[in-house]
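*Asks:* Below you will find the structure I want to go over with you.
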Amino acid sequence: MAKQSRDEEPTAEAAEVPGKSKKKLLILVGVGLLAVLLSAGGVTYMLMSGGEEVAEAEPAEPGRAGALYQPLDPAFVVNYTHEGRKRYLQVNVVLMGRDSEGMASVAAHMPLLRNELVLLFSSEEFQTLFSPEGKEALRERATLAVKALLEKEVGDPVIESVLFTNIVLQ
């Protein structure tokens, strides 16, 4: 009989262990969730408080307004025939200016601007676009073309620069 009581005791303890382990598991999961929530709150606080410091910072040049950006969507796609093969250029263009009223007037002339840029891009020699200097020269020509067009249509060049945010040559 002594053996039976010994056999019975482990089974009783075994029955209690799963109950205790479930409680421990729930406690550990709860502590883990609490830790995740606290760390997420801390990160959010750090990001939010860091943003206020940037907003309060003085501009680098006090007399100069902040830059405004107007993307020309969708991207420009131009095709070429280079050495007997079809080639393509895809360019994402963004206009940069500093006058909010002037930049708003640019939207009214968007079809004209897009046409001017497509004609400019398609008139380029495909081979010259492979070098960084060729891309920069194209960007400068695009800036001059857009400024001239806006000067003619609006009476003010409005934009400061044409920026290429992505160029794909294929």
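The values are calculated or read from the model by the stated rules, or taken from the named source; none is laboratory data. All of these numbers come straight from a predicted model, not from anything done at the bench. Note that we place each Cβ from the backbone using ideal geometry, even for glycine, and neighbour counts take in every protein chain shown. Remember, those area values only see protein heavy atoms, side chains included, never the ligands or the DNA or RNA. Shrake-Rupley method; radii C 1.70, N 1.55, O 1.52, S 1.80 Å.
*Asks:* Looking at (1) open to solvent by 80 Å² or more (accessible area, probe 1.4 Å); (2) over 27 Å from the mean Cα position of the chain (by Cα), can you tell me which one Gly84 breaks?
*Replies:* Result: Gly84 fails condition (1) only.
*Asks:* Only one residue in Leu119, Leu169 is open to solvent by 80 Å² or more (accessible area, probe 1.4 Å) and under 19 Å from Asn79 (Cβ atoms), so which one is that?
*Replies:* Leu119
Residue-by-condition table, conditions (1) part of a strand (DSSP E or B); (2) touching a residue at least 12 places away in the same chain (Cβ under 8 Å):
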{"residue": "Asn92", "(1), (2)": "yes, yes"}
{"residue": "Glu101", "(1), (2)": "no, no"}
{"residue": "His109", "(1), (2)": "no, yes"}
{"residue": "Leu112", "(1), (2)": "no, yes"}
{"residue": "Leu129", "(1), (2)": "no, yes"}
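*Asks:* Just name the residue that is nearest to Tyr88 (Cα to Cα) out of those in the stretch 145-170 that are in contact (Cβ under 8 Å) with a residue 40 or more places away in the chain and assigned to a helix (DSSP H, G or I).
*Replies:* Ranking the qualifying residues of the stretch 145-170, first place goes to Val146.
*Asks:* Further question: Please go through the stretch 81-126 and pick out each residue that is basic (Lys, Arg) and closer than 21 Å to Asp156 by Cβ.
*Replies:* Of everything in the stretch 81-126, those that are basic (Lys, Arg) and closer than 21 Å to Asp156 by Cβ turn out to be Arg98, Arg114.
*Asks:* Moving on. Given Ala137, Ala142, which one is assigned to a helix (DSSP H, G or I), surrounded by 15 or more Cβ atoms within 10 Å (Cβ to Cβ) and at pLDDT 90 or above?
*Replies:* The unique qualifying residue is Ala142.
*Asks:* Which condition number does Ala104 fail, the rest of (1) farther than 23 Å from Tyr80 by Cβ; (2) surrounded by 14 or more Cβ atoms within 10 Å (Cβ to Cβ) being met?
*Replies:* That leaves (2) as the condition not met.
*Asks:* Here's a follow-up. Could you identify the single residue in Ala60, Ala40, Ala67 that is at pLDDT below 75, of a type in the set (A, V, I, L, M), surrounded by 10 or more Cβ atoms within 10 Å (Cβ to Cβ) and farther than 16 Å from Arg114 by Cα?
*Replies:* Ala40
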